[in-house]
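See below for the structure under consideration.
Taken together, the values in this text are just the output of simple stated rules run on the coordinates, not laboratory data. Being a predicted model, the structure only gives us computed values, none of them experimental. Note: ideal-geometry Cβ built from the backbone for every residue, glycine included; neighbour counts use all protein chains shown.
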Amino acid sequence: MQRPDWAPETIDVERPSVARMYDYYLGGSHNFAVDRAAARAMVAAVPQAPLMAQANRAFLRRAVQFLTDAGIRQFLDIGSGIPTVGNVHEIAQRHAPDSRVVYVDVDPVAVAHSREILAGNDHTAVVQEDLRRPDRILTHPDVRAMLDFSQPTAVLVVAVLHFVSDDDRPTEVLRTLRAALTPGSYLVLSQASDDGRDEAERTEAEEVYRRTDSPLWIRSRAELTGFFDGFELVEPGVVWVPQWRPETPESAEDAERAVFLGGVGRLGG
Ligand SMILES: C[S@@+](CC[C@H](N)C(=O)[O-])C[C@H]1O[C@@H](n2cnc3c(N)ncnc32)[C@H](O)[C@@H]1O
């Protein structure tokens, strides 16, 4: 297939990318035929896949608003994705223009688009790195130039942990990130979960994602809660994402259909 002008030359346009599939669920235009085919296979298996992406994105926005209200002015968004409306810097800087945001993603398309959108915004940076190598993120010169870890910082790992296998030791990854943070910092997590869900749906979803650059690791509520080790969970704890501080009671109805569990933890001390 032909590579469009906006696509970096290094990318594999024949293999579905989870970043571009997510962009497709959200109605974006930075995806290829191969991504759309995989995303449609996912929708055939799990019809609410686009709703899941929207519910997760809405959770991210509410969490950033909460953090901004709590006085956080520094954000490290890992697995940030292809920028869509309502990005972290838009929400944070609307409320507090001095907020600084670093976006980190492993996907070259996500990184290229983030750079394009953020050109001229000198309170943001974009870094191509891998969550599984947290030391490289924490010591990256662009991260260090933008964020002062002696000040409270929010680390966002939203809808990305399910692409980190148990072999890649997510608990250790999160421990390394936590060790860099000062008390009063926050961790925001969400991840696909199978808590009380249809086994067949799970198997089919895993099958679709096996064809992509990042297979799925669906986890239980207890596992996601365990990832907050060392943090105090903010109310209402780990819940289906529409149930996390919903704007209206109706928006939290049928919350388990969102498939993502999420929560926010605060580093005490
Ligand atoms: C489902 S999107 C989530 C985007 C955004 N965080 C959100 O919640 O709207 C997952 C993103 O994580 C990225 N990703 C997957 N594995 C990663 C890894 N090991 N390190 C960094 N980013 C990763 C993908 O490229 C993709 O952009």
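Which whole-Hz couplings ³J(HN,Hα) result when phi for each residue of segment 110-121 is put into the Karplus expression 6.51 cos²θ - 1.76 cosθ + 1.60, θ = phi - 60°, listed in order with x for Gly and Pro?
Coupling constants for segment 110-121: 4, 5, 4, 6, 5, 4, 5, 5, 9, 4, x, 9 Hz.
Taking the Cα centre of the chain as origin, work out the dipole magnitude from +1 charges on Lys and Arg Cβ and -1 charges on Asp and Glu Cβ, in debye rounded to 20.
Values: 28 positive and 41 negative charges, 87 e Å.
So the magnitude is around 420 debye.
Given H placed on each backbone N at 1.01 Å, which residues far from Trp217 in sequence or on other chains put an amide H within less than 5 Å of it?
Phe163, Val164
Once a ≥ b ≥ c are taken as the square roots of the eigenvalues of the Cα gyration tensor of segment 111-189, is the result rounded (a/c under 1.5), prolate (a/b larger than b/c) or oblate (a/b not larger than b/c)? Kindly include the intermediate steps, with their values, before the conclusion.
Working: a/c = 1.91, a/b = 1.26, b/c = 1.51.
Oblate, because a/c is 1.5 or more while a/b does not exceed b/c.
List, in order, the whole-Hz ³J(HN,Hα) value for each residue of segment 247-264 obtained from phi through the Karplus relation with A = 6.51, B = -1.76, C = 1.60 and θ = phi - 60°; use x for Gly and Pro.
For segment 247-264, the Karplus curve yields 6, 9, x, 5, 5, 9, 6, 6, 4, 5, 5, 6, 6, 8, 9, x, x, 10 Hz.
Using alpha-carbon pairs under 8 Å, 6+ residues apart, how would you state the relative contact order of the chain in percent?
Details: 488 pairs, mean separation 52.6, N = 269.
Answer for the chain is 20 percent.
Counting pairs of Cα atoms in the chain, how many percent are more than 25 Å apart? Don't skip to the answer; put the middle values down first.
Values: 14979 of 36046 pairs.
When every Cα pair of the chain is considered, 42 percent fall beyond 25 Å.
Which far-off residues, 5 or more places away or on another chain, put their amide H under 5 Å from the one on Ala154, with H placed in the peptide plane?
Answer set, sorted by chain and number: Gln74, Phe75, Leu76, Tyr186.
Give me the one-decimal nm value for the distance between modelled label points at Ser150 and Glu9, 7 Å along each residue's Cα-to-Cβ direction.
Taking the simple label geometry, Ser150 and Glu9 are separated by 4.4 nm.
Let's see if you can work this out: charge +1 on each Lys and Arg Cβ, -1 on each Asp and Glu Cβ, no other charges. What is the dipole magnitude of segment 36-81 about its Cα centre, in debye to the nearest 20? Show your work: numbers first, answer last.
Numbers: 6 positive and 2 negative charges, 33 e Å.
Using Cβ point charges on Lys, Arg, Asp and Glu, segment 36-81 gives about 160 debye.
Counting only other residues whose beta carbon sits under 11 Å from that of Ala179, what net charge do I get with K and R as +1, D and E as -1? Could the numbers behind the result be given before it?
Numbers: positive: Arg175, Arg178; negative: Asp135, Glu172.
Its environment carries a net charge of 0.
May I ask for the equivalent-ellipsoid semi-axes of segment 71-129, computed as the square root of five times each C-alpha gyration tensor eigenvalue and listed largest first in whole Å? Walk me through the numbers on the way to the answer.
Details: eigenvalues 68, 24, 19 Å².
Calculated on Cα positions only, the semi-axes equal 18, 11, 10 Å.
Report the charge-dipole magnitude of segment 1-100 in Debye, nearest 20, computed about the Cα centre from +1 at each Lys and Arg Cβ and -1 at each Asp and Glu Cβ.
Details: 11 positive and 10 negative charges, 59 e Å.
In debye, rounded to 20, segment 1-100 gives about 280.
For each of Glu207, Glu116, count neighbouring Cβ atoms within 10 Å of the residue's Cβ, then give the residues from fewest to most. Display every interim value, and only then the final one.
On the way: Glu207 14, Glu116 11.
Going from least to most buried by this count: Glu116, Glu207.
With n ≥ 4 as the cut-off for DSSP H runs, can you work out [θ] at 222 nm for the chain, using -39500 (n - 2.57) per run divided by the number of residues, rounded to the nearest 500? Don't skip to the end; give the middle numbers.
Working: 10 runs with 100 residues, N = 269.
Helix contribution divided over all residues of the chain: -11000 deg cm²/dmol.
Can you run phi through the Karplus equation (6.51, -1.76, 1.60; θ = phi - 60°) for segment 163-173 and list ³J(HN,Hα) in whole Hz, with x for Gly and Pro?
Running phi through 6.51 cos²θ - 1.76 cosθ + 1.60 with θ = phi - 60° gives 9, 10, 6, 4, 4, 8, 6, x, 4, 5, 4 Hz.
Using only the alpha carbons, work out the radius of gyration and Dmax of segment 53-190 in angstrom.
Both quantities, over Cα of segment 53-190: 13.6, 40 Å.
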